[in-house]
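The values are calculated or read from the model by the stated rules, or taken from the named source; none is laboratory data. Please read all numbers here as calculations on a predicted model, not as lab measurements. Note that each Cβ is placed from the backbone with ideal geometry, even for glycine, and that neighbours are counted across all protein chains shown.
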Amino acid sequence: MERRRECRTDTQHIVNLSAYVWAVERLGPLSGAAILDAACGAGFGSYSVAADAEWVVGVDLSVPAVVEAGSLYRRSNLSFAAMDCSRLGFRDARFDAVLSFETIEHVADDHQYIDEIARVLRPRGTLVLSTPRAPFLGAVPENPYHVREYTWDQLEELLAPHFQSIARFGRRLGPRMARIEEDLDRVRCLAPAKVRQIVPRRFRHSLGSMISKFRGGIGLEEVTVNDVVYVEGLEETSTLLAICQRP
């Protein structure tokens, strides 16, 4: 599974972080709340949520990822653990909310994964989940790390046995980020992906910012999570986001 590290001039990192910020806003006041970040990856999202919640634990299958997250992101109410999210080592009804971002498409047994999340959620607890949207039913994912991708109907069929309500959301780039992504595409077109991988990210981002500013836009250092927009019921979206509540 891809685990993207924090980089404040990386637009994909900003999109990833924005999901956590949006989730906290949707969940409402989190004082006294216990939150599980399932497949926390690099840990920056767990750290962000811990600023508002009573207790946050980030779990990930990768031991190196968990060790690095624990060394980089420290709060008294935040912990990290190496754990298979399909076999969570927590008692029943332990958490008020579970966050699962861009994870279920990587999991071999998605039913077991959702079973476990539902098990550790308290009554009336909330799952906030995101996953790439399949372009059509039965589509083979282009990403080699994805076991499957979902249409809305497929995702709701998976979630419905465990949750009494499922609210659909979509995500799109705000105008500032959409414009700078267009300018970044000009940089990406200069070299194949394999070549870009050996060019320092700082240099690529500086070049992209220069092009954007030259064309009257903003630099990457000015992009924030507010440049990502979440809309309930948005159909034109490449990412499915669901807020699901337990009975």
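Taking the criterion of being closer than 16 Å to I114 by Cβ and of a type in the set (F, W, Y), the residues of region 133-166 that qualify are Y150, W152, F163.
Residues of region 89-103 that are touching a residue at least 40 places away in the same chain (Cβ under 8 Å) and under 17 Å from D60 (Cα atoms): F90, F95, A97, V98, L99, S100, F101, E102, T103.
The set of residues in region 46-59 that are under 13 Å from R75 (Cβ atoms) and either of a type outside the set (A, V, I, L, M) or surrounded by 20 or more Cβ atoms within 10 Å (Cβ to Cβ) (or both) comprises S46, Y47, S48, V49, A50, D52, A53, E54, W55, V56, V57, G58.
Here the condition is being surrounded by 19 or more Cβ atoms within 10 Å (Cβ to Cβ), at pLDDT 95 or above and not in a strand (DSSP E or B); of L155, L129, it holds for L155 alone.
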